[in-house]
1. Being more than 17 Å from the chain's Cα centre (by Cα), surrounded by 10 or more Cβ atoms within 10 Å (Cβ to Cβ) and more than 28 Å from Pro74 (Cα to Cα) is true for just one of Arg198, Arg187. Which residue is that?
2. Can you tell me which of Asp180, Asp121, Asp155 is closer than 22 Å to Val52 by Cα, surrounded by 11 or more Cβ atoms within 10 Å (Cβ to Cβ) and modelled with pLDDT of 90 or more?
3. Of the conditions (1) among the hydrophobic types (A, V, I, L, M, F, W, C); (2) under 20 Å from the mean Cα position of the chain (by Cα); (3) surrounded by fewer than 14 Cβ atoms within 10 Å (Cβ to Cβ); (4) not in a helix (DSSP H, G or I), Trp110 clears all except one; give me its number.
4. Yes or no: the range 10-21 includes at least one residue that is closer than 22 Å to Asp180 by Cα and either within 18 Å of the chain's Cα centre (by Cα) or at pLDDT 85 or above (or both).
5. Can you tell me which residue within the range 95-104, out of those that are out of contact with any Leu (no Cβ under 7 Å at 6 or more places or on another chain) and in a helix (DSSP H, G or I), is least open to solvent (accessible area, probe 1.4 Å)?
6. Anything in the range 59-94 that is farther than 30 Å from Leu45 by Cα, open to solvent by 20 Å² or more (accessible area, probe 1.4 Å) and among the aliphatic types (A, V, I, L, M)? List them, or say none.
7. If I filter the range 138-146 for residues that are open to solvent by less than 40 Å² (accessible area, probe 1.4 Å) and over 20 Å from Pro74 (Cβ atoms), do I get at least one hit?
Amino acid sequence: MAQLSEASSIPVATIKLYLREGLLSPGTRTSPNQAQYGLNHLRRLKLIQALVKLGRLSLAAAGDVLDAIDSDRPLIETFGVAQRAATRVADPAAIRDTELERVDSLLEDWHVDPDGCGRYDAAAALTALKDSGLNATEDWYRRYADAALAVAEADLDLVDAQEGRSAKAETVVVGTVLGDALFAGLRRAAQQHVSYTRYAGGGAGSPPNR
């Protein structure tokens, strides 16, 4: 285990926690106090750490998505598990019907679960945006929906490029959970780029350069 810790840069205590929680399978016992771990353990350990640390999943949620990877569930069900694990639960009471209708208009040509987390989370976000005073146009909403659809196409292209159900399922989980973090980071970088190209001239109303 000490070697596994060194190879993964993950403390032994954390590895033991993952073993106790059933997230990492036990090694092959070589003596009463020692076990042998292989490359599959190292790979799974790094996946667990990514889900918990970068994806910010609880240990229970990480266990759910790992179980989905290892199961023979259809990929669409695995997507559902990953989405529920990676998505905060919106309070339906905080969502106005008008914003839910706006979301439905954006998704009118999409095959979407009416009780899915995406639909309700989008409506909750629109409710909060409107309450904050943001004066967004219909074009702004449409461009967000178009960007989301383009990213979803890229996600599924990546899944389709994998060989075998296990590899596809792992890509579903990684792409869903860690893809959120990747897209958020790229969005921040893109905002910096676009703001620089628009405001770097220092004209009236331009923000200071950083």
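1. Only one candidate passes the filter, namely Arg198.
2. Result: Asp155 is the single residue among Asp180, Asp121, Asp155 that is closer than 22 Å to Val52 by Cα, surrounded by 11 or more Cβ atoms within 10 Å (Cβ to Cβ) and modelled with pLDDT of 90 or more.
3. (2)
4. Checked the range 10-21: no residue is closer than 22 Å to Asp180 by Cα and either within 18 Å of the chain's Cα centre (by Cα) or at pLDDT 85 or above (or both).
5. Leu100
6. Within the range 59-94, Ala93, Ala94 meet the criteria.
7. yes
Let's see how each residue does on (1) more than 30 Å from Leu66 (Cα to Cα); (2) free of Cβ contacts under 8 Å to residues at least 24 places away in the same chain; (3) assigned to a helix (DSSP H, G or I):
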site	(1), (2), (3)
Asp115	no, yes, no
Ala125	no, yes, yes
Asp146	yes, yes, yes
Ala150	no, yes, yes
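The values are calculated or read from the model by the stated rules, or taken from the named source; none is laboratory data. Remember, it's a predicted structure, so these values are computed and weren't measured experimentally. Please note: Cβ atoms are built from the backbone with ideal geometry, for glycine as well, and neighbour counts cover all protein chains shown. SASA here: full protein model, heavy atoms, side chains in, ligands and nucleic acids out. Shrake-Rupley method; radii C 1.70, N 1.55, O 1.52, S 1.80 Å.
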